[in-house]
Every structure is written in C-alpha cells, then in structure tokens.
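To keep things clear, I will list the structure first and then write my remarks on it.
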Amino acid sequence: MAKDHHYYHGKRSYSFYPQDVNELVEFRARQRTFDGAYGRSALGALGYALTALRLFDKRFYNIGILYTVLSGLIFVVAFLRQRHSLHDFADSYWAHPSFANPIRTVGQSGKRVFGRPFVTAGRIVVSLAVVVAAVEIGLLVLIFQV
Amino acid sequence: MPQLCENTGSAARDFAMLERNLLSHLRLAALLLLLAASILLNARLPSSSDPSGDTPHSSGRIPLASIEVAAAVVAIGAGIWEYRRGYQEMQDMKGFLTAVKPHFYVMSAVAVVVFTTCIILISDSGI
C-alpha cells in the first residue's frame, strides 16, 4: 500500500519553499517553538538526570533514572508536536471539512490565512502535564522510600 | 565564519534559535564530561551518609567513562550538525528544517546511554 504523503503547494516537504517572506515567518515562528523550545526542554531534563546521577548521594540513582525517563518522554512529545507543522500547511488539509468552522479572530476578517486553522496545544499540554505529574509522584515515592 | 545576513522577516530570531539549540547541546556535553570525570576520579559531592565522597574502585570505571565521553562528543556533533544544517536551510529559505528527524534519533541514542549508565551505576556499586 502506498504511503500517504503530504504536499505543500504541490511540493514535497523537502523541496518546498514558502511563497513569500510572510509565509516563511509563519513557518519559522512555529519551528522556533516546536523544533527549538521543546527539544531544549528535553535536553535540560537529561542534564538534570546526569547531575543527580553521579554528583549526589547514591540514593539519587533512581531519581536520575526518573529524570532520564522524563527527558525521553519530552522528546517524544516534542516530536509529536513538531509534526503539527507538517499537517498545518499540507494541501490536503486546506479544505478539509473538519476545519471548516474555526474560531474567528476579532478584527482579522478578510486577512490572509496561512494553512489550515491552527490547532492549539491542548492535548500536548495535557500530555506534558500528565508526564510531569507522573514523574513528580514517582519522585515523592522515591523520597519517602529513602 | 560570520556572514552578513539581511534581517528580513524573522531571520535574526531564527538564527538565535539555532544558537540556543547549540548551547543546549554544549551544556549537556559538559555535564556528560563532568559525569565521566566523576566516574574516573571516584569522586562525588560529600553527604552526611558518605562524608568522604569516595566510592570503591571497579574495573568498569574506564569503559563507562569512555562511553560518557563518546556520548558527549556525539551530543556536540549532533548540535553542530543541526546548527549548520538549519543555518544552510534558513539561508536557502526552505520551508521545513530537515535536521529534525535524524537529530531526534541521535539524541535518543544519547538518552539511552544516560539511561544505561543509571542501570550500570545501580547494579555495580563499585563504580
């Protein structure tokens, strides 16, 4: 079965060039968060794992594992969030019926629209909240076990 | 070498993002090297349960420290590669940055190294 590829103005993602600077700014704004901020958060958690792992008491080993797991999960969430950009500008979503009735921004009627309506980060935020909450509970359990 | 880039659109902000990403890799690499040094020198911060901060000697110290150093080099390499690739693609005005997926795989490997290190440190009390 052939894989269902996305196209952007008729081009594949690796050969796609935005039409003008305004569209490029729209792409880059998302990449600064999805390719940048999420990834840096994951790397930061990995750094905390290393600090806890060796420099402190041996009882911190389990906490090091916990932070490594947290980092891995943030990497996965970052990867999933980054994929939103690939969908947001895909040709197949421009006239998709499920995006027919977005919330209108006051005072922006008639302005240029970039891609499909923006899907806010609700699910991703909930996922991250669940991940961090689980890690914090795990941290408390480990602390009380010592 | 530094280049002059016209600041159209969000060019300066985009290049700054690449710099922040690179700095995150360098910070992680510094911590990996710190971990390697700590393993090699048998040192850790002293605590009430272990005032000396020393740990018993083990033959696994050098291989484990070598793996941490290798992971640090890989993290720096991945950061530089992502920076250079992103830099070029931004200059070329490409819509999507293609370094994301390979970079994700490489950094996942570094995370696996850290996770494995945790397991080894727990299982071998001599390290």
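Read-outs: derived from the displayed coordinates by stated rules, not from any lab. Predicted model only: the values in this text are computed from it and were never measured. We place every Cβ from the backbone using ideal geometry, glycine too, and count neighbours over all the protein chains shown.
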| task | Express in nm, to one decimal, how much length is gained between A:K111 and A:T33 on full extension, taking 0.36 nm for each residue of separation and deducting their alpha carbon distance. | result | 25.7 nm
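Quick check on chain B: helices-only [θ] at 222 nm, where DSSP H runs of length 4 and up contribute -39,500 (n - 2.57) each and the sum goes over total residues. Nearest 500, please.
Details: 3 runs with 86 residues, N = 127.
Rounded to the nearest 500, it is -24500 deg cm²/dmol.
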| message | How are the alpha carbon pair distances in chain A distributed across 10 Å bins from zero to the largest one, expressed in percent? | response | 10, 30, 26, 18, 12, 5, 0
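Ranking B:Y83, A:Y14 by Cβ neighbours within 10 Å, fewest first, what do you get?
Working: B:Y83 18, A:Y14 10.
The most exposed by this proxy come first: A:Y14, B:Y83.
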| Where in segment B:7-34 does the amide nitrogen come within less than 20 Å of the point 7 Å from the Cα of A:V76, taken along Cα to Cβ? | none
| Over chain B, what is the relative contact order in whole percent, taking alpha-carbon pairs under 8 Å and six or more residues apart? | 31 percent
| query | In nm, what is the difference between 0.36 nm times the number of residues separating A:E136 and A:F99 and their Cα-Cα distance? | reply | 9.7 nm
| request: Taking a cut-off of 12 Å between Cα atoms, list the aspartates and glutamates near A:K58, but don't count ones fewer than 8 places away on the same chain. | output: B:D50, B:D54, B:D124
| Evaluated at q = 0.14, 0.16, 0.26 Å⁻¹: base-10 log I(q)/I(0), Debye formula over Cα of segment A:78-146 | -0.62, -0.71, -1.17
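Rounded, prolate or oblate, given the Cα gyration tensor of chain B, with a/c below 1.5 counting as rounded? Walk me through the intermediate numbers first.
Values: a/c = 3.66, a/b = 2.64, b/c = 1.39.
Prolate.
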| message | Inside 10 Å of the C-beta atoms of B:95-106, what's the mean count of C-beta atoms belonging to other chains? | response | 6
| In 10 Å bins starting at 0, how do the alpha-carbon pair distances of the protein assembly as shown split up by percent? | 6, 25, 28, 21, 13, 6, 2, 0
| So if we plug the beta-carbon distance of B:I120 and A:V119 into 1/(1 + (r/R0)^6) with R0 = 45 Å, what FRET efficiency do we get, rounded to 0.05? | 0.60
| message | Given R₀ = 35 Å, what would the calculated FRET efficiency be for A:F56 paired with B:L26, taking r from the Cβ atoms and rounding to 0.05? | response | 0.95
| said: If R₀ is 35 angstrom, what is the calculated FRET efficiency for the pair A:D91 and A:A129, using the beta carbon separation as r and rounding to 0.05? | reply: 0.55
| field | Simple label model, 7 Å out from Cα along Cβ direction - B:Q3 to B:S66, nm | value | 3.9 nm
| remark: Here the net charge surrounding B:I67, from other residues whose Cβ is less than 14 Å away from its Cβ (Lys, Arg +1; Asp, Glu -1), is 0
| message | Rg/Rh for segment A:23-95 to two decimals, with Rh computed the Kirkwood way over all alpha-carbon pairs. | response | 1.22
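What number, rounded to the nearest 500 deg cm²/dmol, is the helix-based mean residue ellipticity at 222 nm of chain A, given -39500 (n - 2.57) per DSSP H run of at least four residues and division by all its residues? Walk me through the numbers on the way to the answer.
On the way: 5 runs with 80 residues, N = 146.
Value at 222 nm, helices only, nearest 500: -18000 deg cm²/dmol.
Taking neighbour counts of Cβ atoms within 10 Å as a proxy for exposure, in what order, fewest first, do A:K58, A:K111, B:K101 appear? Intermediate results must be reported in sequence, preceding the final value.
On the way: A:K58 16, A:K111 8, B:K101 12.
Sorted ascending by nearby Cβ count, the order is A:K111, B:K101, A:K58.
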